[in-house]
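The values are calculated or read from the model by the stated rules, or taken from the named source; none is laboratory data. Since this is a predicted model, take the numbers as computed values, not measurements. Cβ placement follows ideal geometry from the backbone for every residue including glycine, while neighbour counts extend to all protein chains displayed.
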Amino acid sequence: MDKAEFTRLYGRWLPRTPSDVRDFFAGYPGVWWIAGGWALEAFTGVERPHDDIDAGVLRADLSMLRTHAHERIDLWAAFSGALRPVASDDTAELPDGCGQLWTRRSASDPWEYDILLSPGTAQQWQYKRETSIRMPMADALWERDGIRYLQPEIQLLYKAKGLRDKDASDFDATMPYLDARRRSWLKDALEPTLPGHPWHDRLR
């Protein structure tokens, strides 16, 4: 599905920045961070286009997120091409396959944030596709100007599975900024999850 058809079906996205995400999460008691292309751009300084902005929270903190979002913004469970509203007092489990929440002020407003739901705890980050791949949360995130970002090697691990043109471009742009430790971690994480991945040899 191309961007025009996606927008026709689901509606447009409001341009948002990491500073907007920081302001939205002000006062939120849980852990949050910026993921996706914005996290890589912040780390490298290499600018790239953005369709939206991805924020991450712990799936276990969903109740806190519901409370925080109440009367600020509406949460929608995004799963299998479908959307379902998530009320602040809704205690039901999210639909099977739901790994993210879209947010908007009302049905007549554009979407604002794509919030990714991550396994793990406030002390430990876990890779959602292979939870044996872990890192202390204090090491998995880095911070600048009050904004926490996912480390680039972790973000590239997420991007490796899809390997879209923009993912390959992000890898090419980020590689020169990865030291030996970061390259080694990504290579070791790719081996059990995506054996034979084309990035593997470039990480030697």
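Going by the conditions given, is GLY146 at pLDDT below 95 and loosely packed, with under 12 Cβ neighbours inside 10 Å? So that I can check it myself, show each step before the final result.
Details: at pLDDT below 95: no; loosely packed, with under 12 Cβ neighbours inside 10 Å: yes.
It is false that GLY146 is at pLDDT below 95 and loosely packed, with under 12 Cβ neighbours inside 10 Å.
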Go through the stretch 166-184 residue by residue and tally those that are among the hydrophobic types (A, V, I, L, M, F, W, C) and either under 19 Å from the mean Cα position of the chain (by Cα) or loosely packed, with under 13 Cβ neighbours inside 10 Å (or both). 4
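So how many residues does the stretch 3-29 have that are among the small types (Gly, Ala, Ser) and closer than 12 Å to ILE53 by Cβ? First the steps, then the outcome.
Step one: of the stretch 3-29, the residues among the small types (Gly, Ala, Ser) are 4, 11, 19, 26-27.
Now restrict to residues that are closer than 12 Å to ILE53 by Cβ: 19.
Qualifying residue count for the region: 1.
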Quick check, is SER106 among the small types (Gly, Ala, Ser) and within 19 Å of SER63 (Cα to Cα)? no
Apart from one, (1) surrounded by 14 or more Cβ atoms within 10 Å (Cβ to Cβ); (2) modelled with pLDDT of 95 or more all hold for HIS200; the odd one out is (2)
Residues that are out of contact with any helix residue (DSSP H, G or I) (no Cβ under 8 Å at 6 or more places or on another chain), crowded, with 18+ Cβ neighbours inside 10 Å and within 30 Å of SER132 (Cβ to Cβ): does the stretch 1-20 have at least one? no
Note on LEU194: of the conditions (1) closer than 23 Å to PRO49 by Cβ; (2) surrounded by 12 or more Cβ atoms within 10 Å (Cβ to Cβ), unmet is (1)
Being part of a helix (DSSP H, G or I) and of a type outside the set (A, V, I, L, M, F, W, C) is the filter; apply it to the stretch 31-55 and report the residue that is farthest from ASP167 (Cα to Cα). THR44
Among the numbered criteria (1) modelled with pLDDT of 95 or more; (2) in contact with a helix residue (DSSP H, G or I) (Cβ under 8 Å, 6 or more places away or on another chain); (3) surrounded by 15 or more Cβ atoms within 10 Å (Cβ to Cβ), which single criterion is violated by THR121? (3)
Restricting the stretch 72-88 to residues that are touching a residue at least 12 places away in the same chain (Cβ under 8 Å), assigned to a loop (DSSP other than H, G, I, E, B) and not hydrophobic (A, V, I, L, M, F, W, C), the one nearest to ALA55 (Cα to Cα) turns out to be ARG72
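Among the listed residues ARG48, ARG66, ARG22, identify the single one that is closer than 24 Å to MET137 by Cβ, in contact (Cβ under 8 Å) with a residue 60 or more places away in the chain and charged (D, E, K, R).
Working: ARG48 fails: closer than 24 Å to MET137 by Cβ; ARG66 fails: in contact (Cβ under 8 Å) with a residue 60 or more places away in the chain.
Matching residue, one of ARG48, ARG66, ARG22: ARG22.
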Residue that is nearest to GLU112 (Cα to Cα), among those in the stretch 68-102 that are among the β-branched types (Val, Ile, Thr) and at pLDDT below 95: VAL86
Return the pair list, or none, for Cβ contacts closer than 6 Å from residues in the stretch 93-110 that are within 19 Å of ARG8 (Cα to Cα) and β-branched (Val, Ile, Thr) to residues that are at pLDDT 95 or above and not in a loop (DSSP other than H, G, I, E, B), at least 6 apart or on different chains. THR103/LEU75; THR103/GLU112; THR103/TYR113
Output the residue which, of all residues in the stretch 25-54 that are touching a Pro at 6+ places or on another chain (Cβ under 9 Å) and small (Gly, Ala, Ser), is surrounded by the most Cβ atoms within 10 Å (Cβ to Cβ). ALA39
